[in-house]
Amino acid sequence: MKINALNLFCLVVIFLCLNRLSTQQTADLNDLLRREHSLIKPYGGSSAGIPFWDFVGSTIVSNKFVRLTADSQSLQGALWNTIPVDFTDWEIQFQFHVHGHGKDLFGDGFAMWYTKERNVLGPVFGNKDHFTGLGIILDTYANYNGPNNRVHPYISAMINNGSLGYDHEKDGINTALAGCESMFRNKDYDTFLAVRYQNYKLTVSTDVDNKNQWKECLSVENVKLPTRYYFGFSAATGDLSDNHDIISVKVYRLESPRKNEQIDHSLIEPSSASFPEQKELVDAERPSTAWRVIKIMFISVFVIGLVVGALYVGYNIYDKQRRTKKRFY
Ligand SMILES: *[C@@H]1O[C@H](CO)[C@@H](O)[C@H](O)[C@H]1NC(C)=O
Ligand SMILES: [Ca+2]
């Protein structure tokens, strides 16, 4: 084939289109990959640790995985990137493996973080409560059994400015932005999660069905997160346990539609416009007016019935006594 101008033009067009497609689906262009935020085998670790990553609590490293918790009770472990993120739009993809001996009982799950604080162990899947930033929670144990409970394992996103506490009793439904059920546990093939934050939109996708493709779990607009926060992972076991392993992490810097914003992105307060799941839960807990009216009517009829019944019985007894007395007089 002769390389003339037209051929070259066609090639360039095809290349650009392919590029476009791949960035739209998931970021996988190597030139966007940020090594300083990524964890790729071989980890290159020594006894001094892995470059750019800190371990806290029960976390241990082998050459195949970073194990946040082993399959035994009452552990908390975390893995934190040491470099703050200096770009506004990003995607983090990680391979994980949650597995253990438990058939019906296992827990509690793990979380991926993009937060201001790092390296602090605590009760929220091994991380501190009242965190500031984003948490993607992969909850394997259903604590909550009320209205609108979720099938577990359940993945949810939570944004916090430090004011909210995570409520395990409700599996965090009251503070979750959105979520999805996801059967990611005890798989003998590779399982992945992708969290994309681009143009104030947060999207979480899973690849846990051995199909080698992303499936959208949740997507929320108007999510505000600053730069200069840290990526991290944490996990916890309590009475129930599982191995929570992180196998690899890849962070991509994404093309930003926010380039021309004249603001200091590091000063943005974490927030989101909506709490859809919270509303659902509150609605479920607060019965509708119609239901309340029916309940009041039902109770009224019951009470009136009771009073009428009591009066009837009372009168009969009184009447009988009166007649008995009469007979003896
Ligand atoms: C923090 O978040 C809470 C709950 O979402 C909100 O009521 C409060 O105004 C926020 N505070 C700041 C300083 O943004
Ligand atoms: Ca739970």
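All of the numbers you see were taken from the coordinates with simple rules; none came from a lab. Here the structure is a predicted model, which means the values were calculated and not measured. So basically every Cβ, Gly included, is an ideal-geometry build from the backbone, and we count neighbours across all protein chains shown.
Seen from all directions on average, segment 33-284 presents a Cα convex hull projection of 12.8 nm². For the peptides 131-142, 176-187, the ranking by packing is 131-142, 176-187, with the highest mean count of neighbouring Cβ atoms within 10 Å listed first. With the biggest extent put first, the Cα atoms of segment 180-262 measure 48, 30, 22 Å across the principal axes. Working ranking of peptides 248-256, 228-236, 144-152 by packing, defined as the average number of other Cβ atoms within 10 Å per residue, highest first, is 228-236, 248-256, 144-152.
Basic side chains Lys and Arg get +1 at the Cβ, acidic Asp and Glu get -1 at the Cβ, and with that the dipole of segment 33-284 about its Cα centre reaches some 740 debye.
Pairs from the table (Lys64/Lys250; Lys41/Lys64; Lys170/Lys215) lying more than 18 angstrom apart at Cα are Lys170/Lys215.
In terms of the mean number of neighbouring beta-carbon atoms within 10 Å, the peptides 86-98, 294-306 order highest first as 86-98, 294-306.
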